[in-house]
Amino acid sequence: MKYKYHLRPGYKSQDLLIEIFSGAENEYFLTDLLGSMASINPKIDEINDLWMNDEILMEVSSDIGLFSISKDIWDFAFITADDNQECIIKIDLLLDTNKHFQKVEVDFEKYK
């Protein structure tokens, strides 16, 4: 199974994020995601259940800095790293070279 994702800016933002839009509902998604990042030693520090937003937010530390993984009930997952765009770019490279993930290019103009 391939998980499909976009590397894209946030809406009305210059900051990049990773949006996993296909496959996040798979029961092995988190294992596969963290496994794809093994080389940066990700460690989940905190898990918050944001019931009012119907999402789970995980704070993750790694060798390349802090980032967040959020997953909602609509089976979308997002990886964000406020003030650490290098972290997002490195994670994109790790996903792009992992057999479980498929990058789908997007038009950045759509998010302005």
Worksheet item: Tell me, what % of the accessible area of the range 3-106 is carbon and sulfur with a 1.4 angstrom probe?
Response: 52 percent
Response to the item:
For the chain, dividing by residue count, accessible area per residue (probe 1.4 Å) in Å² works out to 59 Å²
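Which of the GluC sites (Glu not before Pro) found in the range 20-112 are in a DSSP loop and have at most 10 neighbouring Cβ atoms, other than their own, within 10 Å?
Passing sites in the range 20-112 are Glu27, Glu105.
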Worksheet item: Which label marks the calculated value of semi-axes √(5λ) of the Cα gyration tensor in Å, given the options (1) 44, 16, 10; (2) 58, 28, 13; (3) 18, 17, 16?
Response: (3)
Worksheet entry | Per-residue HN-Hα couplings for the range 10-16 [Karplus 6.51, -1.76, 1.60; θ = phi - 60°; Hz; x = Gly/Pro] | x, 4, 6, 9, 8, 6, 7
Response to the item:
Checking Leu17, Leu94, Leu50 against a Gaussian network model of the chain (alpha-carbon springs below 10 Å), the top fluctuating residue turns out to be Leu50
Fill in: Value of [θ]222 nm, deg cm²/dmol, for the chain, DSSP H segments ≥ 4, -39500 (n - 2.57) each, nearest 500
-5000 deg cm²/dmol
Item to complete: Rank-order 5-13, 73-81 by packing density, defined as the average count of other C-beta atoms within 10 Å over each peptide's residues, highest first.
Response: 73-81, 5-13
Response to the item:
Phi-derived 3J(HN,Hα) across the range 95-112 with the Karplus relation (6.51, -1.76, 1.60, θ = phi - 60°), rounded Hz, x for Gly and Pro, is 5, 5, 9, 9, 5, 7, 10, 10, 7, 10, 5, 10, 7, 4, 4, 5, 9, 7
Item to complete: Identify which of Asn41, Asn84, Asn53 has the largest mean-square fluctuation in a Gaussian network model of the chain, with springs joining Cα atoms closer than 10 Å.
Response: Asn53
Worksheet entry | Contact order relative to length of the chain, as percent, for alpha carbon pairs under 8 angstrom and 6 or more apart | 33 percent
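The values are calculated or read from the model by the stated rules, or taken from the named source; none is laboratory data. Since the structure is predicted, the reported quantities are computational estimates derived from the model, not experimental observations. Positions of Cβ are generated from backbone atoms using ideal geometry, with glycine treated the same way; all protein chains shown enter the neighbour counts. For accessibility, only protein heavy atoms count, side chains too; no ligands or nucleic acids. Shrake-Rupley method; radii C 1.70, N 1.55, O 1.52, S 1.80 Å.
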